[in-house]
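The values are calculated or read from the model by the stated rules, or taken from the named source; none is laboratory data. From a predicted model like this one, the values you see are computed outputs, not experimental measurements. Cβ placement follows ideal geometry from the backbone for every residue including glycine, while neighbour counts extend to all protein chains displayed. We work out accessible area using only protein heavy atoms, side chains counted, and drop any ligands, DNA or RNA first. Shrake-Rupley method; radii C 1.70, N 1.55, O 1.52, S 1.80 Å.
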Amino acid sequence: MTQESGRVLVVDDDETVRDVVRRYLEVAGFTVEVAGSGEDGLRSFAERAPDLVVLDVMMPGISGLEVCRRLRRTSQVPVVLLTALGEEENRIAGLELGADDYVTKPFSPRELALRVVSVLRRARMPSRPVTPAEELRDGDLVLRTTARDATLGGVELPLTAREFDLLAFFLTHPGTAYSRSDLLEKVWGWDFGDQSTVTVHVRRLREKIEPQPAKPVRVATVWGVGYRYDPVAAR
C-alpha cells in the first residue's frame, strides 16, 4: 500500500479493535486519534478536526449512529462505519444518516485501511479553476467535477463524497438504465457488496435534488433493472 497522509479518528469501545486499526492506519501513513466512546469521539472530533472518522455502530452510551447524526449536522467529513455481521438495519440507518462506506466485523484491518484510503481520495479530489468542460449541467443543477461541489438553483448541495460520485456518474450517463450491481462496480469500485448501499444513496440523493423525492423526475426507478437519470433539460 502506498503511503497516505491525513488525520483519522477511530471511535470504538473495543480497545483491541482500536489498537489494531490504529496500527494498520499508521503503517499506511495516517495520523490516528482514538476514542473509546461516542462522547469522547464527539469531543475529539471538535478538538482535532480529522479528515475521516472510522465509527463503530454499536457502542454503549451515545451510539455510533447518534454520533454520525450529530456529525452530519455541521460537517460532511467522510465516515466509515464498523458494523457487526447481521446488523443490516443499523448499517442501512448509518448510510441514510450520511455515512460514506462500511466494513463488516470481523474484518481484515488491511481491507479497512484500503477503504479509508479510497474514501479519502474521493473526498479530497484536488480543487482548481473549473473550465466549462468540467461542469456538468442539467437545468438548474450544476456539478463541478474538479472543484467537487454542486448547486441546485444556485444553492450549494451538501453532498457526501459518495453522493457526489453517484450524481456525477448519472449526469455523465443520462438516459441509460443501470442495475444496482452495475452502480456498485462503476461508482463504488466494488466487484461485490451489499446492494442496499446503492438504494440508500439513491434515496438520499433524491432527497437533495428532487422537488418531490417520492415522485422523482431526475433519478427514475426502472423496475426490474435499477435506476436511470432523465435530464430535465431534455424535456
Practice task
Select from region 200-230 the residues that are touching a residue at least 40 places away in the same chain (Cβ under 8 Å) and assigned to a loop (DSSP other than H, G, I, E, B) and write down the one among them that is surrounded by the fewest Cβ atoms within 10 Å (Cβ to Cβ).
Solution key: V225
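Quick grid of which residues meet (1) open to solvent by less than 20 Å² (accessible area, probe 1.4 Å); (2) touching a residue at least 40 places away in the same chain (Cβ under 8 Å):
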| position | (1), (2) |
| --- | --- |
| S37 | no, no |
| R43 | no, no |
| V57 | yes, no |
| G61 | no, no |
| P78 | yes, yes |
| E89 | no, no |
| S108 | no, no |
Exercise for the section: Examine region 118-132 for a residue that is over 30 Å from V20 (Cα atoms), modelled with pLDDT of 90 or more, part of a helix (DSSP H, G or I) and open to solvent by 50 Å² or more (accessible area, probe 1.4 Å), and state whether such a residue exists. Expected result: no
Practice task
Answer yes or no: is there a residue in region 160-181 that is buried (at least 18 other Cβ atoms within 10 Å of the Cβ) and assigned to a loop (DSSP other than H, G, I, E, B).
Solution key: yes
Completion exercise
The lone condition T104 fails out of (1) closer than 26 Å to E15 by Cα; (2) polar (S, T, N, Q); (3) in a loop (DSSP other than H, G, I, E, B) is (3)
Handout entry: Search result, residues across region 9-23 that are buried (at least 20 other Cβ atoms within 10 Å of the Cβ) and in contact with a Pro (Cβ under 8 Å, 6 or more places away or on another chain)
Key = L9, V21
Completion exercise
Inside region 140-159, the number of residues satisfying the requirement of being open to solvent by less than 40 Å² (accessible area, probe 1.4 Å), touching a helix residue (DSSP H, G or I) at 6+ places or on another chain (Cβ under 7 Å) and free of Cβ contacts under 8 Å to residues at least 24 places away in the same chain is 2
Exercise for the section: Run L95 past the list (1) of a type outside the set (V, I, T); (2) open to solvent by less than 40 Å² (accessible area, probe 1.4 Å); (3) modelled with pLDDT of 90 or more and report the number of the one that doesn't hold. Expected result: (3)
